[in-house]
Amino acid sequence: MAQLQRRRVQSKESVMTRRRCWCSGEIEIEFSSEYVRCGVCGTLVSIAGLPDDTYQASDDESKFYGKDYWIGHQGGDLSLPNIFQRSKTDLLDRNLYWLRTLLRYKLPPADVLELGCSHGSFVALLRQAGYQASGTEMSRWVVEYAAKTFDVPVVHGTVDAASAAGTKFDVVVLMDVLEHLPSPVDTMRRALDLLKPEGFILLQTPAFPSAETIEDIQKAHPDFVRMLIPEEHLYLFTKSSATKLFRDLGAHHMIFENPIFPQHDMFFLVGRQPITPLPEAEVAEALATPKGRFVQALLDQESHIKRLEAEIVTINADREARLAQIHALTKMVHESQSATDALIEQVKSMSNTTTERRQ
């Protein structure tokens, strides 16, 4: 963790770290001391990141995304769950959601590659569902951890390591990876080249809401503030700039799905050929295998939990509305009582005045 802190200080002092937008747009609009907004495509670009070679796959001691990143930095600097905690929670919190979306467009036993698969739980769930799934990771320590924890095949390295084998995939997955890439154009071009002709990329990344200044973000989109990590989130795309990125690479077919965290993310599929949803009956049939039935049970349970959560939200909203009505009626009763008391006092006063006149 100390090494990461030193590299941050060095990055802020080095002019080498100032990067240009992926689209080569020359118009830069100041957003904050650590980000500029591209005046051409609208992407938020970090100007306080580390030199590009710091992010490359290498040993776990000197490079940014080494072992310390996954343990000390995530849990300490960012106050996020570390890799040990995430390997337990992601299966239910994220992986099932991603799998449900993938099943609507590509059935097992399709070939799936997850770039930057971290602890490997999503790869493991995909394999349980019947996909031929594997992953890549930049840290040797994480590769070993994924193999030990979920018994999944993970290659050490970047997209180039996956390309070296010459295998083509039906789906390439990138979850919270795009924003970390020093060269998103080159990496996404290679990812698209890994696909079979009808293949597609399934991708989750922060969605920059096109705010003018950081003050605007803090007021209108406070949840997005947590995405402003200039040493890591080098490019924060808007929906339109993400669309431009892939269209410039010849991938014109995009489907935006609802993200798990709509407050700050976008979630989409993109490919060079049309992407068509599949009938629900085919999805159920594809999971009617010994392993797939366990996955189907998890998906059914997740749906049940989501319905209960929605009902709880409805019940709480109804309760709050009823409480508001009760408070309003109570206020009306008090106001009516006050008016009645005032009227009684007025009548008493008039009665006393009349009595005094008669006397």
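Below are the figures for this structure:
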| item | result |
| --- | --- |
| Residue check for E282: under 24 Å from Y97 (Cβ atoms), in contact with a Phe, Trp or Tyr (Cβ under 6 Å, 6 or more places away or on another chain), surrounded by 10 or more Cβ atoms within 10 Å (Cβ to Cβ) and in contact (Cβ under 8 Å) with a residue 12 or more places away in the chain | no |
| Top-ranked residue of the range 98-112 - restricted to ones that are assigned to a helix (DSSP H, G or I) and touching a strand residue (DSSP E or B) at 6+ places or on another chain (Cβ under 9 Å), ranked as farthest from L278 (Cα to Cα) | W98 |
| Filtered residue count, the range 42-92, keeping only those that are in a helix (DSSP H, G or I), open to solvent by less than 20 Å² (accessible area, probe 1.4 Å) and among the aliphatic types (A, V, I, L, M) | 1 |
| Long-range neighbours under 6 Å by Cβ, at least six apart or interchain, first residue more than 20 Å from Q74 (Cβ to Cβ) within the range 233-244, second open to solvent by 20 Å² or more (accessible area, probe 1.4 Å) and part of a helix (DSSP H, G or I) | none |
| Filter result (closer than 16 Å to R104 by Cα, out of contact with any helix residue (DSSP H, G or I) (no Cβ under 7 Å at 6 or more places or on another chain) and among the hydrophobic types (A, V, I, L, M, F, W, C)) within the range 287-309 | A288 |
| Flag for D151 being more than 22 Å from Y65 (Cβ to Cβ) and out of contact with any Lys or Arg (no Cβ under 8 Å at 6 or more places or on another chain) | yes |
| Residue that is open to solvent by less than 100 Å² (accessible area, probe 1.4 Å) and assigned to a helix (DSSP H, G or I), where the choices are A317, A251 | A317 |
| Any hit, the range 124-141, residues being within 23 Å of P206 (Cα to Cα), open to solvent by less than 10 Å² (accessible area, probe 1.4 Å) and of a type in the set (A, V, I, L, M) | no |
| Some residue of the range 211-224 being at pLDDT below 95, on the phi > 0 side of the Ramachandran plot and not acidic (D, E) | no |
| Flag if Q337 is open to solvent by 80 Å² or more (accessible area, probe 1.4 Å), more than 30 Å from L107 (Cβ to Cβ) and in a helix (DSSP H, G or I) | yes |
| Total residues in the range 146-161, condition of a type in the set (G, A, S) and either touching a Phe, Trp or Tyr at 6+ places or on another chain (Cβ under 6 Å) or loosely packed, with under 15 Cβ neighbours inside 10 Å (or both) | 1 |
| Criterion (farther than 26 Å from D186 by Cβ and of a type in the set (V, I, T)) met by exactly one of T136, T149 | T149 |
| Evaluation of D265 against (1) open to solvent by 100 Å² or more (accessible area, probe 1.4 Å); (2) under 30 Å from S210 (Cα atoms); (3) acidic (D, E) (one fails), failing number | (1) |
| Flag if P274 is loosely packed, with under 10 Cβ neighbours inside 10 Å, of a type outside the set (S, T, Y) and either within 21 Å of V171 (Cβ to Cβ) or modelled with pLDDT of 90 or more (or both) | no |
| Pairs, first among the small types (G, A, S) in the range 138-156, second open to solvent by less than 40 Å² (accessible area, probe 1.4 Å) and in a strand (DSSP E or B), C-beta under 9 Å, six or more apart | A146/G135; A146/E137; A146/V154; A147/V154 |
| Selection from the range 162-179 of residues that are of a type outside the set (S, T, N, Q) and open to solvent by 30 Å² or more (accessible area, probe 1.4 Å) | A164, A165, G166, K168, D176 |
| E26, sole failed condition from (1) out of contact with any strand residue (DSSP E or B) (no Cβ under 6 Å at 6 or more places or on another chain); (2) assigned to a helix (DSSP H, G or I) | (2) |
| Residue within the range 94-105 that is aliphatic (A, V, I, L, M), within 19 Å of the chain's Cα centre (by Cα), open to solvent by 10 Å² or more (accessible area, probe 1.4 Å) and under 21 Å from I260 (Cβ atoms) present | no |
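The values are calculated or read from the model by the stated rules, or taken from the named source; none is laboratory data. Here the structure is a predicted model, which means the values were calculated and not measured. Note: ideal-geometry Cβ built from the backbone for every residue, glycine included; neighbour counts use all protein chains shown. For the accessible areas, the whole protein counts, side chains as well, though only heavy atoms, and no ligand, DNA or RNA atoms are used. Shrake-Rupley method; radii C 1.70, N 1.55, O 1.52, S 1.80 Å.
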